[in-house]
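S.K.: Following this message is one structure expressed as structure tokens.
Values in this text are rule-based calculations from the coordinates and carry no lab data. Because the structure is a prediction, the values reported are computed rather than measured. Glycine gets a Cβ as well: all are built from the backbone with ideal geometry, and neighbour counts include every protein chain shown.
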Amino acid sequence: MKRPLRVLALLALFSVSARADTIYNNFGPSQTFQSSAGYNIENDLDGFAGLAVPFTAQADYANSTFTLPMFTINSGDFTVSLFSNASGQPGTVLDTSLFVSGNSFTQGMFTGSMGSLTAGTTYWLVVLPDSSDMLLFWNWNSTGDNGALASTLNGTTWNSSTGIRPAVEVDGTPVPEPGTLVLLATGLLGVAARFRKKRL
């Protein structure tokens, strides 16, 4: 009877940990956004430009993911990073994903992972160019979401502003609460006792 109990335990733990919450999302229905407008992310003859959007975790998350739309003008590399908050601006880098956009004049959707998040903590999702001679647009949301932003012209100094935000979705897998784990353990003990009775 040990094998069925192991399977039940694994299934129960999976059901507790697999649920994903939406932490922040300003996409329209079916992940729609403004396809003809956005913010420059560039490193070319016209200069350097990066952008950051803040969000706050409402619970503890074991891991998190992001999804955002980009329209590529010139092919090149860019990074999407999770930054800490420092006095209302991006602080230090916590996690980074590198993307390579190989096609010019292409609309794409980019998704990556960001690691764990702490309840009540504000973070910044930061998009920066990672190669020269590149230009892309981080598309605006289509839901009328306006709020805090931060922009940079050199990758290190940030300027705060308020305006229409680019489209982005942040999701996270919650850390199970102690009470949930206690209930899970109690249920598994009950199942184990039942199997023992049947075996006897």
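S.K.: What ranking do T96, T65 get, fewest neighbouring Cβ atoms within 10 angstrom at the top?
M.R.: T96, T65
S.K.: Figure the gain on full extension for T162 and T32 (residue separation times 0.36 nm, minus the Cα-Cα span) and round it to one decimal in nm.
M.R.: Additional length available on full extension: 44.6 nm.
S.K.: Let me ask you something else. Can you work out the FRET efficiency for the pair D130 and T106, with r the C-beta to C-beta distance and R0 = 22 Å, to the nearest 0.05?
M.R.: 0.80
S.K.: Here is a further query. Under 5 Å between amide hydrogens, which residues at least 5 positions from A59 or on another chain qualify, with H placed 1.01 Å from N in the peptide plane?
M.R.: Close amide H contacts, sequence-distant or interchain: G120.
S.K.: Which length gain, in nm to one decimal place, applies between S113 and S84 when the Cα-Cα distance is subtracted from 0.36 nm times their residue separation?
M.R.: 8.9 nm
S.K.: What is the percent of Cα-Cα separations in the stretch 16-94 that go past 21 Å?
M.R.: 45 percent
S.K.: Please report E169, E177 as a ranked list, fewest other C-beta atoms within 10 angstrom at the top and most at the bottom.
M.R.: Placing the least packed residue first, the sequence is E177, E169.
S.K.: Taking the Cα centre of the stretch 40-189 as the origin, how large is its charge dipole in debye, to the nearest 20, when only Lys and Arg (+1) and Asp and Glu (-1) carry charge on their Cβ atoms?
M.R.: 260 debye
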